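These notes are about the structure you will find just below.
We did not get these values from a lab; they are worked out from the coordinates using the rules stated. Quick caveat, the model's predicted, so the values are computed rather than measured. Cβ placement follows ideal geometry from the backbone for every residue including glycine, while neighbour counts extend to all protein chains displayed.
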């Protein structure tokens, strides 16, 4: 870092503290990141108190999370299967764009926080509630169940649906992930 940019030098020159200055620098092990704070003090002349905090791991975790979110958003926006993640109160945490369109929404982000029973068309809600209650009480999955659903055009379609419980660290069911696929053409044969 050039001397003029050093927070300690700046504090000496201006008499002002500098807080949370983020600096990256190259090492043999890759880029390291630190936060520097500088504060002027006067004990038998002037000095600068500097604190350095290594945030390299925080930066790596943030970048990993950004990449995961990028991949996950791409997945949700492009998968043709109807996918949804709900919490134990039946609120949507995430869902695929195809699930949003199936349920008359323009984007999956409009469904986040919505209760599933407020989204689903009349005539299909009871079966969803019953299946979700079984998963929550037993912790067991439902695999390949065929259900009737009313699509965004009001037409009856058939979905092959699988649902799995999501557990917390205490093995309590805290949510459900569901994946459905339109098999209307197969069901009609």
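What ranking of 140, 90 emerges when the number of other C-beta atoms within 10 Å of each C-beta is taken as an exposure proxy, fewest first?
140, 90
Determine the equivalent ellipsoid of the range 146-189 by diagonalising the alpha-carbon gyration tensor, then write out the semi-axes as square roots of 5 times the eigenvalues, largest first, rounded to whole Å.
Result for the range 146-189: semi-axes of 30, 11, 6 Å.
Please arrange 126, 87, 131, 169 by how many other C-beta atoms lie within 10 Å of their C-beta, fewest to most.
Starting with the residue having the fewest Cβ neighbours, the order is 169, 126, 87, 131.
State the label only: which of (i) 55, 17, 15; (ii) 25, 19, 15; (iii) 28, 21, 13 corresponds to semi-axes √(5λ) of the Cα gyration tensor in Å computed from the shown model?
Structure-derived value, by its label: (i).
Taking only DSSP H segments of four or more residues, each worth -39500 (n - 2.57), what value at 222 nm results for the chain once the sum is divided by all its residues, to the nearest 500 deg cm²/dmol?
-9500 deg cm²/dmol
Return the whole-Å distance between the Cα centroid of the range 122-182 and the Cα centroid of the range 67-108.
If we compute the Cα centre of each part, the gap is 14 Å.
Given a Förster distance of 45 angstrom, what is the FRET efficiency for residue 27 paired with residue 169, based on the Cβ-Cβ distance and rounded to 0.05?
The calculated FRET efficiency here is 0.80.
Could you grab the relative contact order for the chain? Cα pairs under 8 Å, six or more apart, rounded to a whole percent. Don't skip to the end; give the middle numbers.
Working: 322 pairs, mean separation 24.8, N = 189.
About 13 percent, as a whole number.
Run the Debye formula on the Cα coordinates of the range 3-54, all scatterers equal and no solvent, and tell me log10 I(q)/I(0) at q = 0.15, 0.24 1/Å.
-0.44, -0.86
What FRET efficiency comes out for residue 69 versus residue 16 if R0 is 41 angstrom and r is the Cβ-Cβ distance? Round to the nearest 0.05.
0.65
Assuming 1.306 mPa s and 10 °C, estimate D for the range 73-160 with Stokes-Einstein, Rh taken as the Kirkwood radius over Cα pairs, in µm²/s.
Calculated translational D: 118 µm²/s.
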